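Novice: Just passing along the structure, written as structure tokens.
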Amino acid sequence: MLVRIDWRTVTEEHVAPGGMLRLDPAAAARLWPHHPDAARFAAEVGIPHADGLFRLLAGLAAAPSGRTGAPARAFTDPYGDGEPVDTPHGRLRQLGEVYQSTVYVHADDGTIWISDPDHEVEYERVHGDLSSFSYLVYKTAVERPGPEESPTPYDWADIDEIIREGMDRWDPLPFGGTTHFWEMFLDSYPML
């Protein structure tokens, strides 16, 4: 795993019950057949729902008892037929969606890809592994101002900097210069 933080503390103390979307262990093993650590992370830690920023493909979710506290909107139906997609980059399997874009797992190397319908690049590799994706979704949710706050443009610039801060230490892909998804997301973040 690229992001080596105390995930137990994050999931138990910093994310509301039901806020972490965990995968069924068998489904996780199918998505990461060559990366047992990633499959274990998906089943034991998961990805933050982040108040709707990330939605997990319903068929991958842990059994109903593992969904306790997660709102129904935390899950989504597959895009298209939900089958793996053969791309020029290799075979991709759907994981869910983030910010109305489909999130995929590369079948061979376990990297995270996004297909954004409004972007000129059809499939973009955005994270080196699931822990990096999960961490960036978590940071984005934590830094988002509450409904009672009225952030200024300077506040938004500070939020942007905090979200980016340290990501390259774990994973150079999200803001590495060749990836555009998160840049576009942060540009639109104040409007969400």
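Derivation of every value follows stated rules applied to the coordinates shown; laboratory data play no part. For clarity, every value in this text was computed on a predicted model and none was experimentally measured. Note that each Cβ is placed from the backbone with ideal geometry, even for glycine, and that neighbours are counted across all protein chains shown.
Novice: Using unit Cβ charges (K, R positive; D, E negative) and no other charged atoms, how large, in debye to the nearest 20, is the dipole of segment 1-135 about its Cα centre?
Specialist: Values: 11 positive and 20 negative charges, 102 e Å.
That gives a dipole near 500 debye.
Novice: Where the only charges are on Cβ atoms (+1 Lys, Arg; -1 Asp, Glu), what is the dipole of segment 127-192 about its Cα centre, to the nearest 20 debye?
Specialist: Dipole about the Cα centre, nearest 20: 200 debye.
Novice: While we're on this one: Nearest 0.05, what FRET efficiency do R73 and D118 give at R0 = 25 Å with Cβ-Cβ as r? Spell out each step's value before the answer.
Specialist: Working: r = 21 Å, r/R0 = 0.86.
FRET efficiency, R73 to D118: 0.70.
Novice: How many nm separate the modelled label positions at E83 and R30, each set 7 Å beyond the Cα in the direction of the Cβ?
Specialist: 1.4
Novice: While we're looking at this one, here's another question. Comparing P71, P88, P117, which has the greatest mean-square fluctuation in the GNM of the chain with Cα pairs linked when under 10 Å apart?
Specialist: In the Gaussian network model the winner is P88.
Novice: Are there any helices in the chain, counted as whole DSSP H runs, that stretch 18 Å or more along their axis by Cα and score at least -0.5 on average by Kyte-Doolittle, and if so which?
Specialist: Qualifying helices: 130-143.
Novice: In the chain, with Lys and Arg counted as +1 and Asp and Glu as -1 at Cβ, which of these residues, A29, I162, H49, has the Cα nearest the positive end of the dipole, that is, farthest along it?
Specialist: Of the options given, the answer is A29.
Novice: Do any GluC sites (Glu not before Pro) in segment 128-192 lie in a DSSP loop with no more than 14 other beta carbon atoms within 10 Å, and if so, which?
Specialist: Details: sites: E143, E148, E149, E161, E165, E183; in loops: E148, E149, E165.
Taking segment 128-192 and a limit of 14 other Cβ atoms within 10 Å, the loop GluC sites (Glu not before Pro) found are E148, E149, E165.
Novice: If you average the alpha carbon positions of segment 3-19 and of segment 21-70, how far apart do those two centres end up, in angstrom?
Specialist: 14
Novice: If you work out Cα extents along the principal axes in Å from the coordinates, which of (1) 45, 38, 30; (2) 121, 38, 29; (3) 57, 44, 30 do you get?
Specialist: (1)
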